[in-house]
Each structure stands twice: as structure tokens, then as C-alpha cells.
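Comments concern the structure below.
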Amino acid sequence: TVCNRIIISALVILLALPLHAQVTTDKVLFDKLDLGRPGLETVRADVGAGDLEAAKHDFVIYLKTRTNVKWYFDWRKGLTDEVRDAAYDTAEADKYASNLLVSTGFWHQFGPVVDWHANPTPNEYHEWTWQLSRHPFWPVLGRAYWATGDEKYARAFVSQMRSWVEQNPLPTDSANGPYSCWRTIEAGIRTLGAWPDAFFYFLSSPSFDDDSVIMMVKSFYEHTQHLLAYPKHNNWLTMEMDGLFHTAMVFPEFKEASHWASYAAGRLYEEEKIQFYPDGAQVELSTGYHGVSVSNMVRIYPIARLNSYPLPETYLKGLENAYQIYELLMMPDGNYPALNDSGFGNCRSSLAEAYKYYPEREDFRYLATEGREGSEPSFTSCWMPWAGWYMMRSGWDSNALYANMEVGPYGAGHQHEDKLSVILSAYGRLLLTEGGIYAYDSSPWRKYVLSARAHNV
């Protein structure tokens, strides 16, 4: 009908337009920057003359040439022969470049433009949409770009980044509900790793043009405002503050950057006393999420050192007990037991990391190297009264007898009905296990793993 044709024509026009305008305008961006910093003289002159297009161009030149910021790799190497690798396997990056993306283990082929609010999972699993916006595939594209110099990887990143920003204006609330791309946990996870990694991998690419660089810088700024406005608690807070701190290190040119850094570092330092019991266990009493909190608290340490940012002298010392958990819990196979909402996980790798920060702990070194180096711990069985975990072992070798009994409180989050549960191994075999974990949905399997039926109680 004529009415239908009019509606369809209107929809075609609407779909051809950007879904949303970015909240932070060019003027706001330059108002938020400290243009008195060394190196920004040309940008300041451009802004003073009212030429914001020139200011954007000169600010991008500044970002590409500045030496006051250090990242985990040197983005200045860009497309040099030093980073080329003729044998590099691009299979994974090729999928992502074609908009074949994965989240929570479920792959989906998008069209020319990614719909970041889509949910193709059969059960409309909310985590799929949320975790898609962690963008772990962008650094994969970046590494392929450096190895090959093929602009298709840069073009794919720019297209995906721009579509994400255009479809997701800064929200006016925490946006922690279903189908949101601004859940605070994702905002922190993006900005502590995938986003700055991608920013630096592609900074030398002609496909990452001035407008796209400025768009991403504006979004970084918007992430800081979101993380400051809606902090959560427990393991979520550590990821949020980790992302905020990393953004402050990457963009010290913002007037508020020093506040972001001090606020994030201060909150994490406080959380060392809030999140961990005196026996070292994180208050959620879930072995996997214990690691999330520890790793995010310690992750600001190397980027702070790279950029000469002073943390409290006792910052690392406050995490030593939290790392010792991996020694206290370790099973003969080197894993920690699956307690509360956690699967079994690797203690040795965590203790190897801990030894880097606490080189006097030869017991950490001994367990990390399976006894090849260091000194054997002075104890075998141990009791953690705050967590309510009792570890009984005959020794530290792979054939030792081991039992874990859980008699503690429910935990501050990620709880299972696992009180009075027992995990048992002997002579290199796991004899009593437990039901493990399942996706965060409302399925019968999720209800099962939460229940006492999934545990040896």
C-alpha cells in the first residue's frame, strides 16, 4: 500500500543515518584537555583561533609523536620491519575482520555493520551482548595488522569502533541491565586492556584517521565519567577502577587525569582491607573471583611504574596474603579447588606471578616450579578461620593425599549451597569432585550447580 511504501522509505533513510550523536562534542573535548601542557602549543593556538578541525588534526599528530606516555608495547614501531612476521597466522583475525565475532563461546556472522545490541543466542543469554562489548578481538586485529601491514585489519577495527560509539551514547544511568553495552564491568574491562591496546596498535594506520582517533579519545573520556559515576563493589569495582587508572595513564592530557588516577588507586588500596579477610580470602569466597580481584588490584602496579606514577609503598605488601591463598589451597595437581561459583584453576601460574612481586618468598617459587627451585613450605595442613576452609594434605608432591572441607560463611557474592562440602584427591587422582559452574542464566543446569545436590555435602 502507499502507506507501507512511505513507512519503508522512511526506515531506509533512518537506517542510513548514524544511530546517535556522540555526547562529547569537539568543543567539550578541548575544554577538558589541559592545553597548557608542553607539546600542545599548536593545539592551543588552533582552539584560540576557533579552528577546531585544525585542533583535532594537530592533537592527533601530538598523540602519535608524544613521548611522555608509555604503554606495554612501543606503538612507535607500528609498521616497521621489526614487527613484520611472514609466518604469522591470521586465521583468527580474518574471522574478526569479516565481522564474524564471538562472545561467551558463541559465534555470529554480522553484516557490514555490527549491531552491538544484538543477541543471536537461542536462549537470549544476556552475557552474550554484554561480553561482546569487551572487544577482545580488537587486539587480535592489531597484532595481525602489525605482522602483515594489511589495512583490512585496520579498516575492520575502525568500522567496529565507530559503529560501537555511534550506537552507544554515554548513558544517564549505570546501564547495568540486559542488552546494555555500557555495563560498568565491561566499561572497566575495555579500558584496562582491549581499547588502549587497539588504540596503540592502529595509531600508525592511515585507516585510523583523525576523526576516528578523536572519536575514540572522546569515548575514553566518557568511560571515565561513567566509571566515576556508578562504581559497584567487590570484584566488579576492581575492574572498574583498573580501567579508570589505565585511562588516566594513557591520557594524562585531560585536566582530570590526575584525579582519575588518585581516585582509582586510592579505592583499590582501600579495597585491600575491605575485600580480603585476615586469612587472605576475598569476601565472595569464590576461588576464581578471588583471582579477579587480586589480578586487577595488582595490574595497576606495572603501568604505574612504566609512567613513574607513585603508589603507596605498602600497596603490594597488602596483597601478599591474598596471593598466599594459592599456596594454602593448592591441590596436588597444582590447581585450586572449585569453591563457590568457581571452577578448578591454576595455582602455579598465580604463585609464579606472586614470586615476581615477593622475591623473598621461596615457598612461592617452590610451588610455582613444582619443587625444582625454592624451598618447600614449612606446613602441610592448614585452617583458614575467616573463609572456613580446611586444607588437609600429607605433603606437597603430586601423589599426596589431599582434602578440602568448606565450613565457612555463604560469601558476599557468587554463592553456592556448598557448606560442609568435601573435595578429595589421592595418589594423583581426583576422587571426590563437585558440580562446577554453569552459565549465568535461569536454566535447570544453573539451578543444579548452585544447589547442594552438585556438591559432596
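The values are calculated or read from the model by the stated rules, or taken from the named source; none is laboratory data. Because the structure is predicted, anything quoted here is derived from the model rather than measured. Neighbour counts run over all protein chains shown; Cβ positions are idealised from the backbone, glycine included. Areas reflect the complete protein model, heavy atoms only, side chains present, ligands, DNA and RNA absent. Shrake-Rupley method; radii C 1.70, N 1.55, O 1.52, S 1.80 Å.
What to note about this one:
- Filtered by the rule that a residue be open to solvent by 20 Å² or more (accessible area, probe 1.4 Å) and under 21 Å from Gln167 (Cα atoms), segment 119-144 gives Asn119, Pro120, Glu124, Tyr125, His126, Trp130, Gln131, Arg134, Pro136.
- In the set (1) open to solvent by less than 10 Å² (accessible area, probe 1.4 Å); (2) over 16 Å from the mean Cα position of the chain (by Cα), Val250 fails one condition alone, (2).
- For segment 412-457, a residue qualifies if it is under 24 Å from Gly280 (Cβ atoms), among the β-branched types (Val, Ile, Thr) and open to solvent by 60 Å² or more (accessible area, probe 1.4 Å), and exactly one does: Ile437.
- Residue in segment 287-300 that is farther than 30 Å from Phe251 by Cα and buried (at least 23 other Cβ atoms within 10 Å of the Cβ) present: yes
- Among the residues making up segment 200-220, those that are assigned to a helix (DSSP H, G or I) and either touching a residue at least 60 places away in the same chain (Cβ under 8 Å) or not hydrophobic (A, V, I, L, M, F, W, C) (or both) are Phe200, Tyr201, Asp210, Asp211, Ser212, Val213, Ile214, Met215, Val217, Lys218, Ser219.
- Listed conditions (1) touching a residue at least 60 places away in the same chain (Cβ under 8 Å); (2) in contact with a Phe, Trp or Tyr (Cβ under 7 Å, 6 or more places away or on another chain); (3) closer than 30 Å to Gly395 by Cα are all met by Gln282, apart from (1).
- Qualifying residue in segment 302-315 (condition: within 29 Å of Glu434 (Cα to Cα) and open to solvent by less than 10 Å² (accessible area, probe 1.4 Å)): no
- Those residues of segment 78-92 which are more than 17 Å from Ser205 (Cα to Cα), under 25 Å from the mean Cα position of the chain (by Cα) and among the small types (Gly, Ala, Ser), in sequence order: Ala91
- Residue in segment 181-196 that is more than 15 Å from the chain's Cα centre (by Cα) and either part of a loop (DSSP other than H, G, I, E, B) or surrounded by fewer than 20 Cβ atoms within 10 Å (Cβ to Cβ) (or both) present: no
- Looking across segment 23-77 at every residue that is charged (D, E, K, R), part of a helix (DSSP H, G or I) and open to solvent by less than 60 Å² (accessible area, probe 1.4 Å), the one that is farthest from Ser205 (Cα to Cα) is identified as Asp46.
- Residue under evaluation Lys273, criteria (1) more than 21 Å from the chain's Cα centre (by Cα); (2) crowded, with 20+ Cβ neighbours inside 10 Å; (3) part of a helix (DSSP H, G or I), criterion not met: (2)
- Given (1) part of a helix (DSSP H, G or I); (2) open to solvent by 10 Å² or more (accessible area, probe 1.4 Å); (3) not aromatic (Phe, Trp, Tyr), index of the condition Asp115 fails: (1)
- Members of segment 394-411 found to be out of contact with any strand residue (DSSP E or B) (no Cβ under 8 Å at 6 or more places or on another chain) and surrounded by 17 or more Cβ atoms within 10 Å (Cβ to Cβ), listed by number: Trp396, Gly411
- The residues of segment 78-97 that are of a type in the set (Val, Ile, Thr) and not in a helix (DSSP H, G or I), listed by number, are Thr80, Thr90.
- Flag: Ser133 matches the condition of being under 30 Å from Ser258 (Cβ atoms) and polar (S, T, N, Q).
- In segment 93-131, the qualifying residues are those that are over 20 Å from the mean Cα position of the chain (by Cα) and acidic (Asp, Glu), and the one that is farthest from Ala198 (Cα to Cα) is Glu124.
- Annotation: of all residues in segment 78-112 being on the phi > 0 side of the Ramachandran plot and at pLDDT 95 or above, the one that is surrounded by the fewest Cβ atoms within 10 Å (Cβ to Cβ) is Gly105.
- Pair list, Cβ under 7 Å, 6 or more apart: segment 83-97 residue touching a residue at least 12 places away in the same chain (Cβ under 8 Å), other residue open to solvent by 70 Å² or more (accessible area, probe 1.4 Å) and charged (D, E, K, R): Val83/Lys77; Ala97/Lys152
- The set of residues in segment 137-160 that are touching a Ser or Thr at 6+ places or on another chain (Cβ under 7 Å) and closer than 25 Å to Gln225 by Cβ contains only Val158.
- Residue, nearest to Arg37 (Cα to Cα), within segment 240-262, restricted to residues that are in contact with a Lys or Arg (Cβ under 9 Å, 6 or more places away or on another chain) and in a helix (DSSP H, G or I): Met249
- Across segment 328-370, the number of residues qualifying as in a loop (DSSP other than H, G, I, E, B) and open to solvent by 30 Å² or more (accessible area, probe 1.4 Å) comes to 6.
- Pairs where the first residue, in segment 433-447, is among the β-branched types (Val, Ile, Thr) and the second is open to solvent by less than 90 Å² (accessible area, probe 1.4 Å) and at pLDDT 90 or above, C-beta under 7 Å, 6+ apart: Thr433/Ile423; Ile437/Asp341; Ile437/Ser342; Ile437/Gly343; Ile437/Val449
- Every residue from segment 371-393 that is within 24 Å of Arg429 (Cα to Cα), free of Cβ contacts under 8 Å to residues at least 40 places away in the same chain and open to solvent by less than 70 Å² (accessible area, probe 1.4 Å): Gly371, Phe379, Thr380, Ser381
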